Amino acid sequence: MRFCRCSADSTDNAGSSSTTPTGYQLWCSRLRNAFWPTPNVAQFPSKYGGLKEYVETQDQQIPQPKKEPETGWERILQMYDDGKPHMEIDVTVKMVRAAFFGGFFFGGYSGHVMARERYNMHVVGKKFLSPRDAMKRKLDFSIVMFAKKGFSMGFKAAALIGSVVFLSTHIARYRDRFSLTYFPAISASVGSVLAFPIGVLGSMKAIGLGLSSGTMLSMVVYLYALALNKSVDAAYKQFRDEYDEELREELILNERALRLMKEQKLFWKQSAIRMIKEMDDKKLLENDAWEHEEKADKTENEDKEVTEANKKSDSEKSKK
């Protein structure tokens, strides 16, 4: 017996039938399942009985009973144990990445402007070896300040936005219920904590900014639920299910693309994806044509049966 995403232990080589990772190995496997999921992988052993969706054998997969999580903590662990993509993790990663790059360029640009003014004040009355040397020093100073301010602002933005998204989505999963108060409350709390080194005034400003921005996000969610004519919780769960389904389809498409790249020795992944879509469209057209022919044959047979029945009834009437 072998578990997916788990390296073999020394007891396996000694002839042990199975190993159940615990502690550090278990959390490492959960993180791998979260950030690098694979389709149709076995559910990793968790605290509720070590049950799996599939137990891998030599030639077949034996379905096993699946126990639904009962507590909020089990629902959280299920996201990291089943090896499937989930909206909570994917949205958090994407928002952290986008916030970091946005903060990096915004902070780097503002730092570059300040560095240019600072450099112009610093070089007053100084002499350089040549105009080229002066330009080189100015460029080096601008690059250093751009990177310094950019990384500083990028990490701050990623920490703020990532914490808000992570806590909001995971609390909704933990409680199995979404509320409009999550975004304002969490935004204000995280902002006040991150702004605590600035002082009390900075924390109060962060709380006000968090409440205003969180309220705007909650209004967007409310309008989305209003458009679907559902409650906020039902609309959020529907959006989450649709998002998870799209993630799984995208993951399977990427796996097929990687397999095709290996078979056809392709270099670009987009070329493999385009070939897969063309093959799927071709198969879909063939299936439609086959269904159309089958339907036409069925209609023709029904017409023949009706015609024969009419002829038979006419012949019986003529005999009478």
Problem set entry | Selection count where residues are part of a helix (DSSP H, G or I) and free of Cβ contacts under 8 Å to residues at least 60 places away in the same chain, scope region 175-201 | 18
Seminar exercise, completed: Considering residues that are surrounded by 13 or more Cβ atoms within 10 Å (Cβ to Cβ) and part of a helix (DSSP H, G or I), the number found within region 229-245 is 11
Exercise. Out of curiosity, is ALA172 farther than 23 Å from GLY108 by Cβ, in a helix (DSSP H, G or I) and among the hydrophobic types (A, V, I, L, M, F, W, C)?
Worked result: yes
For this session: Please verify whether region 123-138 includes one or more residues that are under 26 Å from the mean Cα position of the chain (by Cα), surrounded by fewer than 17 Cβ atoms within 10 Å (Cβ to Cβ) and not small (Gly, Ala, Ser).
Result: no
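Here's the yes/no breakdown for (1) within 26 Å of THR71 (Cα to Cα); (2) of a type in the set (Ser, Thr, Tyr); (3) touching a Pro at 6+ places or on another chain (Cβ under 9 Å):
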| residue | (1), (2), (3) |
| --- | --- |
| SER168 | yes, yes, no |
| LEU194 | no, no, no |
| LEU211 | no, no, yes |
| LEU217 | no, no, yes |
| LYS237 | yes, no, no |
Exercise. Just one of GLY162, GLY107 is closer than 30 Å to GLN78 by Cβ and modelled with pLDDT of 85 or more; which is it?
Worked result: GLY162
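The values are calculated or read from the model by the stated rules, or taken from the named source; none is laboratory data. This is a predicted model, so every value here is computed, not measured. When we count neighbours, we look across all protein chains shown, and the Cβ atoms used for this are built from the backbone with ideal geometry, even at glycine.
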